[in-house]
1. So for the range A:1-73, what percent of the C-alpha to C-alpha distances run longer than 17 Å?
2. Would you work out if the range A:135-288 is rounded, prolate or oblate? Take a ≥ b ≥ c from the square roots of the eigenvalues of the alpha-carbon gyration tensor; rounded if a/c is under 1.5, else prolate when a/b is larger than b/c, oblate otherwise.
3. Return the long-range amide H neighbours of A:Gln261 (sequence gap of 5 or more, or a different chain), with a cut-off of under 5 Å between placed amide H atoms.
4. Nearest 20 debye, what's the magnitude of the dipole of the protein assembly as shown about its Cα centre given +1 on Lys and Arg Cβ and -1 on Asp and Glu Cβ?
5. Give me D for the range A:206-287 in µm² s⁻¹, whole number, from Stokes-Einstein with Rh from the Kirkwood sum over alpha-carbon pairs, 20 °C and 1.002 mPa s.
6. So for the range A:22-109, taking the charge dipole from beta-carbon charges (+1 Lys/Arg, -1 Asp/Glu), which of A:Gly44, A:Met72, A:Gly87 sits furthest toward the positive end?
7. Just list whichever of A:Lys118/B:Lys10; A:Lys117/A:Lys140; A:Lys131/A:Lys205; A:Lys65/A:Lys131; A:Lys160/A:Lys214; A:Lys65/A:Lys160 have alpha carbons separated by over 27 Å in the model shown.
8. Would you mind telling me which residue in A:Trp248, A:Trp15, A:Trp99 has the biggest mean-square fluctuation in a Gaussian network model of chain A, where springs connect alpha carbons within a distance under 10 angstrom?
Amino acid sequence: MADYSNPEMLVTTEWVAQHANDPKVRVVEVDVDTKAYEEGHPPGAIAWAWNSQLCDTVIRDILPKRQFEELMDQSGIGKDTTVILYGDNNNWFAAWALWQMKIYGHKDARIMNGGRKKWISEGRELSTENKAPSPTSAYKASEADLSLRAFLPQVQSAAKDGRTVMIDVRSPAEFSGEILAPPGLPETCQRGGHIPGAHSVPWGKACNDDGTFKSYDELRQLYGAEGISSGTPVIAYCRIGERSSHTWFVLKYLLGIGNVQNYDGSWTEWGNLVGAPVERGAVAAAKA
Amino acid sequence: MKPENYSERKVDVNGWEVHLTTYQLGEKFHCTADNVSPGANLARVAADSREAAESKALERATELLSRTKRREL
């Protein structure tokens, strides 16, 4: 991990095992499948549900600042706590949680490389204990750093400016418009395809088979082929913003790209927008 | 408890590639099925044997995948 631009943003499964009882560390599981934690988790880990605890449950938005502060307090997290995030699907929603923690200015949040998959495949201890941490109080989040987040007007401008590289991290079939949602999941948009000019780089291209991230050189080659270098403005999107937070993490912290935003409105916004331009096909250009 | 007998394999379900992950935890076998591209979870089940767990997971995955329509481009 030493070659990454910010190697401190990743920890190994072994590191997590060694810090199970470290009072300065809070390990948090964030899964797509919110039942996975109950099946068994690293001893001492707590869980956050992405669909109820990491979003505004009334309007479509990330967690409001006050609720973010309450979640940190309930989770026993102070401003100086080292938070280790991991989860299923190679850390999709762990990256989503980390993205929000960075938006609200938490200094030390990291990802367990390989996520839940690697922990289990290595045969590491799984606990079914669900012990609530001792709550802290008065966590003060920073004002939201919106430089990490892209909203629709910015994406519309970026689609025209010719400088910003738009990365569509969905599967090639979603990118082309052949399917409207990941296979087996409900269709959540009116139109299929992609934002005109977007480059298809499926999120999984950044991962090894064991769930860990590819090497710095491999990642640099992967994204460099799309014209991304350290000074390139980049916007990543997917369907609802979690897969693209994974790519956002890779670009920002592993490759050190300075100006990367996650467009969490993603295809469920663009693909439902009246009058929005849509490009379809281009299967050959999409990397299988 | 520690997970044992971990395995992964890919199977084709009506033209969709499905990734099965199975392991034993205590006396139960746990199996998850997810679609290979892009990797979303389709099923999570537990059963008394590997075969039963994988069969149940595939059954659920097949049901969900049958709802996905491919469109002409």
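1. Cα-Cα pairs in the range A:1-73 separated by more than 17 Å: 59 percent.
2. On the way: a/c = 1.39, a/b = 1.18, b/c = 1.18.
It comes out rounded by the Cα gyration axes.
3. Sorted by chain and number, the residues that satisfy this are A:Val234, A:Ile235, A:Ala236.
4. Values: 41 positive and 48 negative charges, 144 e Å.
For the protein assembly as shown, the charge dipole is close to 700 debye.
5. Numbers: Rh = 13.9 Å.
Taking Rh from Cα pairs, D becomes 154 µm²/s.
6. The Cα lying farthest towards the positive end belongs to A:Met72.
7. On the way: A:Lys118/B:Lys10 18 Å; A:Lys117/A:Lys140 33 Å; A:Lys131/A:Lys205 36 Å; A:Lys65/A:Lys131 25 Å; A:Lys160/A:Lys214 31 Å; A:Lys65/A:Lys160 32 Å.
Check vs 27 Å cut-off fails for A:Lys117/A:Lys140; A:Lys131/A:Lys205; A:Lys160/A:Lys214; A:Lys65/A:Lys160.
8. Comparing A:Trp248, A:Trp15, A:Trp99 in a Gaussian network model of chain A, the most mobile one is A:Trp15.
The values are calculated or read from the model by the stated rules, or taken from the named source; none is laboratory data. Worth saying up front: this structure is predicted, and the values here are computed from it rather than measured. Ideal geometry is used to build each Cβ from the backbone, glycine not excepted, and the neighbour counts take in all protein chains shown. Ligands, DNA and RNA are stripped out before the accessible areas are found, and what is left, the full protein with its side chains, is counted by its heavy atoms. Shrake-Rupley method; radii C 1.70, N 1.55, O 1.52, S 1.80 Å.
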